[in-house]
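**Student:** Sending over a structure as structure tokens; questions will come in a sec.
The values are calculated or read from the model by the stated rules, or taken from the named source; none is laboratory data. No experiment lies behind these values; they were computed from the predicted model shown. Virtual Cβ from ideal backbone geometry, glycine too; neighbours counted across all protein chains shown.
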């Protein structure tokens, strides 16, 4: 070991690994009685080495992929985005990749050698984009192996040495890659990608297929973001919580803030008004005096239009005025002698015309909703393949089958938003508040939902076409085809499902309108205007002049 360290040709981590293996072998010899003691102890162990792995950028990985020969490019994809080792990538068969569900099932290494550890056989999830790239490779180079030996495919896989030599040749064409860059560094890129996306240590360990999390931390621990600021914030929050306890907060409040405000009595208010009435602009004393010249102006500015009766009295007067058409007060007119002004009924459009306007407006809105849904609804990606027996099978990629539920939910959500907004806007039409407006909303939303469903189905049909899995052209050379299916508008085409979809917006609008009506305290739902008839001010007795 000392000679290896002195030569300086091998890395410190490699020498440490050799020393650990030698210590293990000699330990077994001691256990079997062949040696008296183990000369390789931890005390004599060489340093492990603190070299950090090189992490390529995304641009460098794709540049390396493009600079590689065409037939081993799939190995770069498997190493950088699935985390396979070079022997695992070269020994991967096409039937060990589930292109439909997006899962790779490693079975063995190149040449039929067993995997490095038992955990290496764990299924590896891959994204749909990677399955599309790998399926394109299989279509261009038909072979039993995913990384074939030649560009024409064939029945023999590409060897790890061939792939490593191709990586070294392509490395010189990529700016920034060091000379020591090799295929295994693609795994480091995947680990950095997972860590940057917020994956925890156990997730990275599972994707890297390390035996323990300690190995993952030793290799990639420096890639996790620094936790200094988060720990500092946690300690600071604990100190702040101690300083802002309820007892401390009460001690910081001034005593004046804890005192209740004093309410002046009616006598104080009355005496204040009298003093103001007598003394503003004059020279009266504290007990009275002649009225100043500005008295009328000041009092008019202070009094409310109803003679200073205050808010409760003003509201009561308005309620009674709306109910009886006017109310006489002291100094005013009598109800029986001089009734108030006659309240006008609903003006503007007639109820029938209002129903037609609302129904036509919501029908036009349904057409726009159908176009919006067809634009944002996601299509459904599927795959059609021929089995070895010649049977035609099809399935949906990944979670694409969820769009059969998501797309109708999107349509129902858009119609629900329209129903709520329409009910609120219709409530603002005061003259037409009542059951007639609910009828107009119901008719308009049912026709609008039907228009939205029809327009949406027509537009996605024109955009994606009608899919027939039996008519997809397949052959022995092209056994796999990827197709796109239009999203559905309805959950199902049964009468009950169609009726629920069409009636749902009308029910939501009726419910919102009923809530708004229940929250209104007036018998006419606020549709009739309140007459502007303020109560006259209470007369003030003239004051005797003081000579």
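**Student:** Kindly indicate which of 378, 450 is touching a residue at least 12 places away in the same chain (Cβ under 8 Å) and under 30 Å from residue 478 (Cβ atoms). Talk me through it step by step, then tell me what you get.
**Tutor:** On the way: 450 fails: under 30 Å from residue 478 (Cβ atoms).
Within the list 378, 450, the selection yields 378.
**Student:** Also, quick follow-up: Take residue 430 and tell me if it is free of Cβ contacts under 8 Å to residues at least 40 places away in the same chain and on the phi < 0 side of the Ramachandran plot. First the steps, then the outcome.
**Tutor:** Details: free of Cβ contacts under 8 Å to residues at least 40 places away in the same chain: no; on the phi < 0 side of the Ramachandran plot: yes.
For residue 430, the condition - free of Cβ contacts under 8 Å to residues at least 40 places away in the same chain and on the phi < 0 side of the Ramachandran plot - is not met.
**Student:** Before we move on, is residue 464 closer than 21 Å to residue 369 by Cα, touching a strand residue (DSSP E or B) at 6+ places or on another chain (Cβ under 6 Å) and either modelled with pLDDT of 90 or more or in the same structural domain as residue 367 (by TED's automatic domain parsing) (or both)? Give the derivation first.
**Tutor:** Working: closer than 21 Å to residue 369 by Cα: yes; touching a strand residue (DSSP E or B) at 6+ places or on another chain (Cβ under 6 Å): yes; either modelled with pLDDT of 90 or more or in the same structural domain as residue 367 (by TED's automatic domain parsing) (or both): yes.
In short, yes.
**Student:** Given the condition touching a residue at least 12 places away in the same chain (Cβ under 8 Å), surrounded by 13 or more Cβ atoms within 10 Å (Cβ to Cβ) and not in a helix (DSSP H, G or I), answer yes or no: does some residue in segment 158-169 qualify?
**Tutor:** There is at least one residue in segment 158-169 that is touching a residue at least 12 places away in the same chain (Cβ under 8 Å), surrounded by 13 or more Cβ atoms within 10 Å (Cβ to Cβ) and not in a helix (DSSP H, G or I).
**Student:** Restricting attention to segment 449-468, does a residue exist that is surrounded by fewer than 17 Cβ atoms within 10 Å (Cβ to Cβ), under 30 Å from residue 95 (Cβ atoms) and more than 30 Å from the chain's Cα centre (by Cα)?
**Tutor:** yes
**Student:** Considering only segment 476-484, I want to know if a residue exists there that is farther than 30 Å from residue 351 by Cα and without any contact (Cβ under 8 Å) to a residue 24 or more places away in the chain.
**Tutor:** Start the filter on segment 476-484 by keeping residues that are farther than 30 Å from residue 351 by Cα, which leaves 476-484.
Restricting the remaining residues to those that are without any contact (Cβ under 8 Å) to a residue 24 or more places away in the chain gives none.
No - not one qualifying residue is present in segment 476-484.
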